[in-house]
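The values are calculated or read from the model by the stated rules, or taken from the named source; none is laboratory data. Computed from a predicted model, the values in this text were never measured in an experiment. Please note: Cβ atoms are built from the backbone with ideal geometry, for glycine as well, and neighbour counts cover all protein chains shown. Remember, those area values only see protein heavy atoms, side chains included, never the ligands or the DNA or RNA. Shrake-Rupley method; radii C 1.70, N 1.55, O 1.52, S 1.80 Å.
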Amino acid sequence: MKSQVFGLARLIDSQVDLSATGRALIDAGCVHMPLARLVIVGTSCARPLLREEADQISQLLSCDMLLLRCEAGQGASLDVRLTHKNSWLTGYLPWMSENALWLVPPSDSTLLPIEVAGGLFERPHHPFVSAQARSAGLDTAHRAMSDLARWSI
């Protein structure tokens, strides 16, 4: 699970906290990116497990939270906790094109997509114009995360 968390962190490409506290989080499988105001935590637990613990970390560090879920047979998805929201956004998927990273909600959702650009930013539009472009971007992100995860540990 750590390798997937670090692979996602490398895609986000922001400075990782390497202080004593940051290294303790890394040892626990978390990545704190203070400039992006973001923490990434990974789990193989089903929803909603680990949300309370992730909320505590998010509040302690005043950061947005990505909870990467890699459930057996389900693939990887993200639960997102933005500091300005009162609830979790669930089932997001990483999407990439031309080195731009987005988190897109499930296809049948009315939730807004999130651009990852030095932090997490909800946007009123999707980064793709067709179902084919959506699928291609999801595949690109999956391959990139898999490649980076192999080299992250």
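Highest GNM mean-square fluctuation among Thr83, Thr140, Thr110, for the chain modelled with Cα contacts below 10 Å: Thr110. Build a GNM of the chain with springs between Cα atoms under 10 Å apart, and of Asp27, Asp17, Asp139 the one that fluctuates most is Asp27.
Ligands, DNA and RNA left out, the accessible area of the chain computed with a 1.4 Å probe is 52% carbon and sulfur. Restricting attention to the chain, close to 80% of DSSP beta bridges with both partner residues there are antiparallel.
With all protein chains kept in place, the per residue accessible area of the chain amounts to 54 square angstrom at a probe of 1.4 angstrom.
Which shape class, rounded, prolate or oblate, goes with the stretch 29-122 when its Cα gyration tensor gives a ≥ b ≥ c as root eigenvalues, a/c under 1.5 marks rounded, and past that a/b bigger than b/c marks prolate?
rounded
Look at the alpha carbon pairs under 8 Å that are at least 6 residues apart: their mean separation over the length of the chain gives a relative contact order of 23 percent.
Sorting check: for 128-136, 30-38, 55-63, which peptide has the highest mean count of neighbouring beta carbons within 10 Å, and how do the rest follow? The partial results should precede the final answer.
Details: 128-136: 12.6, 30-38: 20.1, 55-63: 15.4.
So the peptides 128-136, 30-38, 55-63, ranked by packing, come out 30-38, 55-63, 128-136.
Mean-square fluctuations from a GNM of the chain, with a 10 angstrom spring cutoff on Cα atoms, peak among Glu115, Glu98, Glu53 at Glu98.
Which net charge results when you count Lys and Arg as +1 and Asp and Glu as -1 among the other residues whose beta-carbon is under 14 Å from that of Ala133? Cβ neighbours under 14 Å give a net charge of -1.
In a simple Cβ point-charge model (Lys, Arg +1; Asp, Glu -1; nothing else charged), the chain has a dipole of about 100 debye relative to its Cα centre.
Taking the Cβ of Leu25 as the center, what net charge do the other residues with Cβ under 13 Å away carry, scoring Lys and Arg +1 and Asp and Glu -1? Each step should come with its number before you reach the end.
Values: positive: Lys2, Arg23; negative: Asp17, Asp27, Glu53.
Once positives and negatives cancel, what remains is -1.
Taking a ≥ b ≥ c as the square roots of the Cα gyration tensor eigenvalues, with a/c under 1.5 meaning rounded and otherwise prolate when a/b beats b/c, else oblate, which class fits the stretch 53-103?
On the way: a/c = 2.33, a/b = 1.39, b/c = 1.68.
Since a/c reaches 1.5 but b/c is at least a/b, the shape of the stretch 53-103 is classed as oblate.
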